[in-house]
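Comments concern the structure below.
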Amino acid sequence: MNRALPIVCALLILAGSLSCSPQTNEPPEAYIASVSPTETTAGETVTFVGEGTDTDGTIAGYRWRSDLDGVLSQLPTFETDSLSVGVHVIDFMVQDNTGAWSDKVQGSVKVLPGDTSITVIPVFTVSPSTIEAGESATLSWSIPDATSISINEGIGTVSASGSTSVTPDETTTYILTATVGGSTVALNTTVTVGTTVQQTGQTVTLTPEDEMSGYIRSSGVERTIGMYVGDDDSDRGIQGFFTFDISDIPDDATILRVTLDLSAYDLPYGPPFPELGCLRAYVHEYDRLDGEYFTKDATDPIGEWCDLDALDMPMAQTGFRDALLDEVGENRFQFRLQFSDGESDFDGVRDMLHWERDNLPTLTVEYSSDD
């Protein structure tokens, strides 16, 4: 239909008409065909079916969102068994082939708690808790009713109960994150590594350089005023980047431990967890930002935090230690922070972490050197 417009305009002009106005795009309309069941218990499957119509084009996109759980799907029809307990207001929108979105239509789902007669006592332990460098310890866990469990430090997804051997070369805190009955449970346990070289190391605490740190929007616009990460009210992603002067670390230094402290953040708008996923850190070569905005394809994060409790608990991370070891001898070390689930949760609301100039993250570096 739209392709015929130039032909019609040409005929009108030949007939003596002086102008031909372009056709105005009509936005699409969204319909929720069904949400079934509308009342359920945690862990049960709910099916969502949506439709859309467009009088002057075709439907090209879909978006389902819960006011409790954030974005649910971008398909017209889907199923989920992971809705959290509570009354969910469900928004559904469709997008036409020109990029225009429909108005929201709404439905609701009430999710009741499951059987609470059995109390789940999550267990996450390590034995022994103190080792020497080169020795191993065993992590053990049991969370019987968990639907998903993962452990940091590269261990990844694990079964509801089990054990694994670890051989950290420095004191390491292992964090287990589990989903139980629609809620998230986080447990941690620490393996203390005693070494002679760590006791003779030197320590320096670094803060980001104001004039070289800031944020970048998904549009490619960079700013060195303020440190933000999240999304804005125009659904544009925002990533923070932090630059540290490491020129005082000797060229022959061996990096023993690096601790990043992000705990001085504030929440000037809405919280970005859990809608935007986990916060991740990536190395970025100093002075090579050039408007480049990372996407979900970014690989090899050097740090990860999946909730505010993790941000509040600074700990040594092997990813930062290895990354800084690669930069010894350079003048600057730069990394960026981004959320893992995409640029935005598309709710038109600012969801951001922010660091004031007087409360910037710190990087504590322990190293040994002959100098």
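Read the figures in this text as sums done on the coordinates, not as results from a lab. What you see is a predicted model, and the numbers here were worked out from it, not measured in a lab.
Percent of Cα-Cα pairs more than 20 Å apart in the stretch 107-247, please.
Pairs farther apart than 20 Å: 67 percent.
Using the Kirkwood radius over Cα pairs, work out the Stokes-Einstein diffusion coefficient for the stretch 202-368 at 25 °C and 0.890 mPa s, in µm²/s as a whole number.
My calculation gives 154 µm²/s for D.
If you build the convex hull over the alpha carbons only and average its shadow over all orientations, what do you get for the stretch 123-194? Give it in nm² to one decimal.
For the Cα atoms of the stretch 123-194, the hull's average projected area reads 4.1 nm².
Output ³J(HN,Hα) for the stretch 238-248: one whole-Hz value per residue in order, computed from phi by the Karplus curve 6.51 cos²θ - 1.76 cosθ + 1.60 with θ = phi - 60°, and x for Gly and Pro.
9, 10, x, 10, 10, 10, 10, 7, 10, 5, 7
So what is log10(I(q)/I(0)) for the stretch 214-275 at q = 0.13, 0.19, 0.20 1/Å, when the Debye sum runs over its Cα atoms only?
Values, matching the q order: -0.52, -0.85, -0.90.
Would you look at the GNM of the chain, springs on alpha carbons closer than 10 Å, and say which of Asn97, Asn359, Asn152 moves the most?
For the chain, modelled as a Gaussian network with Cα springs under 10 Å, the answer is Asn97.
Hey, what number do you get for the chain at 222 nm if only DSSP H runs of n ≥ 4 count, each worth -39500 (n - 2.57), divided across all residues, to the nearest 500?
-2000 deg cm²/dmol
Output needed for the stretch 21-112: three equivalent-ellipsoid semi-axes, defined as square roots of 5 times the C-alpha gyration tensor eigenvalues, in descending order, whole Å.
Those come to 29, 10, 10 Å.
What is the set of long-range amide H partners of Gln317 at a cut-off below 5 Å, with H atoms built 1.01 Å from backbone N?
Residues meeting the criterion, in which the H sits 1.01 Å from N, are Val258, Leu260.
For a distance above 33 Å, tell me the whole-number percent of Cα pairs in the chain that qualify. All intermediate terms of the calculation are to be shown ahead of the outcome.
Numbers: 31248 of 68635 pairs.
Summing the P(r) tail past 33 Å for the chain gives 46 percent.
Amide H of Ala60 versus every other amide H placed in the peptide plane: which residues, excluding those fewer than 5 positions away on the same chain, fall under 5 Å?
Distant-sequence amide H within range of Ala60: Gln95, Asp96, Asn97.
Averaging over every viewing direction, what projected area does the convex hull of the Cα atoms of the stretch 292-371 cover, in nm²?
With the hull built on Cα positions only, its mean projection is 7.8 nm².
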